[in-house]
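The values are calculated or read from the model by the stated rules, or taken from the named source; none is laboratory data. Bear in mind that the values here come from a model prediction, so they are computed numbers and not experimental data. Heads up, the Cβs are rebuilt from the backbone with ideal geometry, glycines too, and the neighbour counts pull from every protein chain shown. Areas reflect the complete protein model, heavy atoms only, side chains present, ligands, DNA and RNA absent. Shrake-Rupley method; radii C 1.70, N 1.55, O 1.52, S 1.80 Å.
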Amino acid sequence: MNMTYYLVNGSPRKKSSTAKLLDSIAEGITDTDENAEVEIIDLYDLDYKGCKSCFHCKRIDGKFYGTCPIKDDLNELLPKLWDSDALVIASPIYFGNITGEARSFIERLVFPKLVYGGKSLLDSKPTAMVYTMNANKEISDEIYSKSIFESVDGVMKYAFGSVESLKVYDTYQFNDYSLYENYIFDEKDKRRVLEEEFPKDLEKAYKLGVKLVEGVI
Ligand SMILES: Cc1cc2nc3c(=O)[nH]c(=O)nc-3n(C[C@H](O)[C@H](O)[C@H](O)COP(=O)(O)O)c2cc1C
């Protein structure tokens, strides 16, 4: 049977840094396993909300135990992700966290399989988080490491048994920096990072795709 991989884009932009990194991961996967089935999911195309705290997923002997009863665009998608062979979630950092859509999505993805004080209901599989941001590595390490990366990675690791995270710093945010008000970012510095560093990030993403297939995460 063909292996299935889901790559989830938590950015509203479909052609920007986050999406390009997912495309590289997809390429790494399909170059390693030509029969792999890879699906990229744009969260901003879907209509859904976060967990509503109904606890049907935890109700002993309940009809919805271990699943989510909410009927929206995640209803048919979540079981496919739970049953997939590997999963990647990518998100820009917005105000020091993953995007609201990515956060709500992770609540719906993980909470039904979370057992208070016990093991996750899911079988282990390779997973990865990709974070893109304006911040450079130094600022990101200082501000976001504990507050976001460790907590989101920790949730994924609890649910799926493994997680690798790729952080991509100092991304090129505007198509044309001269058009938008901004007093911190220097277009030349940003361009240098885009031309010299971002290709290396894409290469890391490609290798991450290879690792997902090889199951070495
Ligand atoms: C609403 C909003 C909030 C943002 N907040 C942060 C932030 O707190 N820290 C940061 O480093 N970058 C922040 N950014 C920049 C994005 O994380 C960065 O441009 C990212 O690479 C965007 O990914 P995309 O181009 O794939 O959409 C913010 C961008 C937006 C639109």
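Observations on the model:
- Qualifying aspartates and glutamates (Cα of each under 13 Å from Cα of K190; at least 8 residues distant if same chain): D170, D176
- When +1 charges are put on Lys and Arg Cβ atoms and -1 charges on Asp and Glu Cβ atoms, the dipole computed for the chain relative to its Cα centre reaches about 920 debye.
- Computed from backbone phi with θ = phi - 60° and the Karplus coefficients 6.51, -1.76 and 1.60, the 3J(HN,Hα) list for the range 145-155 is 3, 6, 5, 10, 4, 5, 6, 5, 4, x, 5 Hz; x is used for glycine and proline.
- Neighbourhood charge, 13 Å Cβ-Cβ cut-off, centred on D47 and excluding it, Lys, Arg +1 and Asp, Glu -1: -3
- Relative to the longest principal axis of the Cα atoms of the chain, helix 100-110 runs at roughly 30 degrees.
- Cross-link pairs beyond the 30 Å C-alpha cut-off, checked among K20/K58; K71/K119; K63/K119: K20/K58
- Bins of 5 Å, starting at 0 and running to the largest distance - Cα pair percent for the range 4-214: 1, 7, 15, 18, 20, 16, 11, 7, 4, 2, 1, 0, 0
- Calculated from the alpha-carbon coordinates, the range 34-123 shows an Rg and a Dmax of 14.0, 42 Å respectively.
- From its DSSP helices (H runs of at least four residues, each -39,500 (n - 2.57)), the chain gives a residue-normalised ellipticity at 222 nm of -10500 deg cm²/dmol.
- Hits among lysines - C-alpha to C-alpha of K146 under 22 Å, sequence gap 8 or more where chains match: K137, K157, K167
- Overall Cα dimensions of the range 140-189, principal axis frame, Å, largest first: 45, 21, 16
- Sequence-separation-based contact order of the chain, relative, with Cα cut under 8 Å and 6+ spacing, percent: 26
- Counting only alpha carbon atoms, the long axis of helix 198-214 and the longest principal axis of the chain meet at about 20°.
- For E203, the accessible area of its heavy atoms, probed at 1.4 Å with every protein chain present, is near 90 square angstrom.
- Computing Rg and the Kirkwood Rh from the Cα coordinates of the range 1-66 gives a ratio, Rg/Rh, of 1.15.
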